[in-house]
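The values are calculated or read from the model by the stated rules, or taken from the named source; none is laboratory data. Keep in mind that what you see is a predicted model, and the values were worked out from it rather than measured. Cβ sites come from the backbone with ideal geometry, for glycine too, and all protein chains shown count toward neighbours. Ligands, DNA and RNA are excluded from the accessible area calculation, which covers all protein heavy atoms including side chains. Shrake-Rupley method; radii C 1.70, N 1.55, O 1.52, S 1.80 Å.
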Amino acid sequence: QHAARAVMLAAEAGAVGCSIEDASARQGRTIYSRTLAAERVQAAVEAARRLPFPFVVTARCDNFFEGIADLDDTLWRLSAYERAGAHALYAPGLTTCDEVREVVGAVCRPVNVLLHTGAQFDVPALRGLGVRRVSVGAYLARVALDAMLGAAQSLRDGGTLSPRPQLSGLALNELFERPAG
C-alpha cells in the first residue's frame with residue numbers, strides 16, 4: 001500500500017507527520033473512491049502506529065480544493081477518515097463559515113482549514129468556529145516569488161533594481177536573531 005510506505009519513508013527522513021490526500025496527481029487530480037480513500041488513511045494510520053515515536057496522520061479531503069463543492073461527500077469522507085484513525089482532518093478549499101461550521105461539527109478530531117483569497121472568513125472567525133489549525137498553503141511562498149520575479153524583470157528589462165519595498169540587512173538580521181515563540 002502506497003500510503004503506508006509513504007509514512008515509513010517520511011518517518012525515516014525524520015518527519016513526525018504527513019498528510020494523506022484523497023486525490024491522485026497521477027490521474028489528473030481525480031478524487032479516489034470513498035472506499036479506496038478510507039483504506040489509504042487506515043493503512044497510513046496502521047503504519048504510523050508501528051513507529052517507535054508519535055507520528056501524526058492528517059487525512060485530507062480534496063473535494064472543494066478540486067472544484068467539487070459537495071459538502072455531503074466531504075463530511076462523509078472526513079467522518080470515514082476519522083473512523084480510520086486519522087489524528088487530524090483537512091478539507092482545503094472551503095469558502096464559507098457555514099461550510100467550516102458543518103465540518104467542525106461533524107467530526108471530533110482537530111480540523112485544519114485553508115485560508116485563501118476566495119475565503120469568506122479570517123483567522124479569528126475560524127478560531128471562533130473551533131478550527132484547530134489554519135493553513136495558508138503556498139500563499140506566502142507565492143507572494144515572495146512574485147516580488148522576486150518583479151525585481152528580476154525590472155533588472156532584465158530596464159537594467160535597474162525594482163523600486164519595491166525591501167527589508168534592510170539590519171531588519172533581516174533582527175528577524176534571524178529573534179528567539180522562537
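How much of the accessible area of the chain, probe 1.4 Å, is carbon plus sulfur, in whole percent? The partial results should precede the final answer.
Working: 6150 of 11020 Å².
Reported share for carbon and sulfur atoms: 56 percent.
Could you rank Leu129, Leu89 by how accessible they are, 1.4 Å probe, largest area first?
Descending order: Leu129, Leu89.
Nearest 5 percent is fine: what portion of the DSSP beta bridges confined to the chain is antiparallel? Before the final figure, lay out the partial values.
Working: 2 of 15 bridges.
Among the beta bridges of the chain, antiparallel pairing accounts for roughly 15 percent.
Using a Förster radius of 30 Å, what is the FRET efficiency between Leu175 and Leu9 based on their Cβ-Cβ separation? Nearest 0.05, please.
Using R0 = 30 Å, I get an efficiency of 0.35.
Using θ = phi - 60° and the Karplus form 6.51 cos²θ - 1.76 cosθ + 1.60, what ³J(HN,Hα) does each residue of segment 111-118 get, whole Hz, x for Gly and Pro?
Each residue's phi maps through the Karplus curve to give 10, 9, 10, 8, 8, 9, 5, x Hz.
Rank these residues by their accessible area, most exposed first, probe 1.4 Å: Ile68, Ile20, Ile31.
Output order, biggest surface exposure first: Ile68, Ile31, Ile20.
Rank these by accessible area, largest first, 1.4 Å probe: Phe55, Phe65, Phe176.
The residues order as Phe176, Phe65, Phe55, largest area first.
For Cα Rg over 2.2 N^0.38 Å, pick the label among [x] 1.25; [y] 1.14; [z] 1.02 that corresponds to the value derived from the coordinates.
Answer by label: [x].
How much of Ser19 can a 1.4 Å solvent probe reach, expressed as accessible area in Å² and rounded to 10?
Around 60 Å² of this residue is reachable by solvent.
Could you give the accessible area per residue of the chain, probe 1.4 Å, as a whole number in Å²?
Details: 11020 Å² over 181 residues.
So the chain comes to 61 Å² accessible per residue, rounded to a whole number.
Compute the long axis of helix 34-49 from its Cα atoms, compare it with the longest principal axis of the Cα atoms of the chain, and write down the angle in degrees, 0 to 90, nearest 10.
Between the helix axis and the principal axis of the chain, the angle is about 80 degrees.
Which whole-Hz couplings ³J(HN,Hα) result when phi for each residue of segment 159-175 is put into the Karplus expression 6.51 cos²θ - 1.76 cosθ + 1.60, θ = phi - 60°, listed in order with x for Gly and Pro?
x, 10, 7, 5, x, 4, x, 8, 6, 6, x, 4, 5, 4, 4, 5, 4
How far, in degrees from 0 to 90, does helix 97-106 lean away from the longest principal axis of the Cα atoms of the chain, to the nearest 10?
With both axes taken from Cα atoms, the answer is about 40 degrees.
Take every Cα pair under 8 Å in the chain that's 6+ residues apart, average their separations, divide by the length, and report that relative contact order as a whole percent.
14 percent
Mind checking the angle between helix 2-12 and the chain's longest principal axis? C-alpha axes, 0 to 90 degrees, to the nearest 10.
Taking Cα atoms only, the helix is inclined about 50 degrees.
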